[in-house]
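This report concerns only the one structure given below.
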């Protein structure tokens, strides 16, 4: 009986793995030819970013896109000099930067909603202040794909300066490219995403996955959503393991809430492919940690059943896995990081005080 439970738990993982290997090598969608460059609105949320804001704005202003077709909107909730430094840079470049300052911190989702609604571009681009966009043609690439009437939203992939994070994000990129090739990518990244104004349906004020929420809204309206490997952003990663776990588990919590909530259920009803791909993401985040824990427990029991030698072998196996996890910078260590973050994220999402039970109705 235990073996069958283990098989049922692990089969979805191998389906995702095989799909990733077969379809995640490269994006097989070609961009449309843009007849012109539409007005785009670049929305940047900021909170006490005085050390990074000028470098971020210089990067945006240095990208290859017509300056008269690029509106900059800063949604600022800072208590430091972020706003003043942004204004100073705007004067230096002789460019208008719309700064929407909130005296009271509203939270990221509410701030972004204000920025999106105040912008005027046909295409809205959102990018985080701590993300770098090395590809100077990033905006043109995004707009070219969005010129296809079937595509409603796109997002860049992301990597990290931290080796351990890079391993995880490379594997994630392959899975998301496979999703795009099959139908649509479900999870978006805030490093840089772009979407048509007509797909925007507002954000849950308490959203912890605002970018993915927009992707889901786009799919629900009949559009495709895809990631673009050509736009690989570099995100500043937390410097400690604890901070990294906190960041990942918070993201996992937000995605779990979204996929199990009203919009996630609406997404699942749009098509069988949407249901299966969303289920794949939910499995990888919320179910896989328990499937892997069950597998390890099963192996320990099998080893232990043969006596002291088996118990010793099981102990060595556990010690080896723990050593790789703590000290490794490889796919195994990175994978174990994601499993722990997913388990913590799920626990946070379903705890009674989180309010998810009300949001699921």
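A few comments on the model shown:
- Residue satisfying all of: in region 230-244; touching a residue at least 60 places away in the same chain (Cβ under 8 Å) and touching a helix residue (DSSP H, G or I) at 6+ places or on another chain (Cβ under 6 Å); surrounded by the fewest Cβ atoms within 10 Å (Cβ to Cβ) among these: 230
- One residue from 55, 32 being over 30 Å from residue 283 (Cβ atoms) and not in a helix (DSSP H, G or I): 32
- Looking only at region 191-201, and only at residues there that are surrounded by fewer than 24 Cβ atoms within 10 Å (Cβ to Cβ) and modelled with pLDDT of 95 or more, the one that is farthest from residue 169 (Cα to Cα): 198
Conditions tested, residue by residue: (1) at pLDDT below 95; (2) in contact with a helix residue (DSSP H, G or I) (Cβ under 9 Å, 6 or more places away or on another chain); (3) loosely packed, with under 13 Cβ neighbours inside 10 Å; (4) farther than 27 Å from residue 146 by Cβ.
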{"site": "6", "(1), (2), (3), (4)": "yes, yes, no, yes"}
{"site": "13", "(1), (2), (3), (4)": "yes, yes, no, yes"}
{"site": "23", "(1), (2), (3), (4)": "yes, yes, no, no"}
{"site": "26", "(1), (2), (3), (4)": "yes, yes, yes, no"}
{"site": "45", "(1), (2), (3), (4)": "no, yes, no, no"}
{"site": "71", "(1), (2), (3), (4)": "no, no, no, no"}
{"site": "85", "(1), (2), (3), (4)": "no, yes, no, yes"}
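- Set 217, 210: member being surrounded by 20 or more Cβ atoms within 10 Å (Cβ to Cβ), within 12 Å of the chain's Cα centre (by Cα), under 30 Å from residue 289 (Cβ atoms) and in contact (Cβ under 8 Å) with a residue 40 or more places away in the chain: 210
- Residue match in region 112-134 (condition: free of Cβ contacts under 8 Å to residues at least 12 places away in the same chain and out of contact with any strand residue (DSSP E or B) (no Cβ under 6 Å at 6 or more places or on another chain)): yes
- Residue-level check: of (1) surrounded by fewer than 13 Cβ atoms within 10 Å (Cβ to Cβ); (2) at pLDDT below 85; (3) within 26 Å of residue 177 (Cα to Cα), residue 323 misses just (3).
- Per-region count, region 174-190, residues surrounded by fewer than 23 Cβ atoms within 10 Å (Cβ to Cβ) and closer than 24 Å to residue 59 by Cα: 0
- Residue among 201, 138 that alone is more than 14 Å from the chain's Cα centre (by Cα) and without any contact (Cβ under 8 Å) to a residue 40 or more places away in the chain: 201
- Residue check, residue 121 at positive phi and surrounded by 14 or more Cβ atoms within 10 Å (Cβ to Cβ): no
The values are calculated or read from the model by the stated rules, or taken from the named source; none is laboratory data. This structure is a prediction, so every number in the text was calculated from the model and none was measured. Note that each Cβ is placed from the backbone with ideal geometry, even for glycine, and that neighbours are counted across all protein chains shown.
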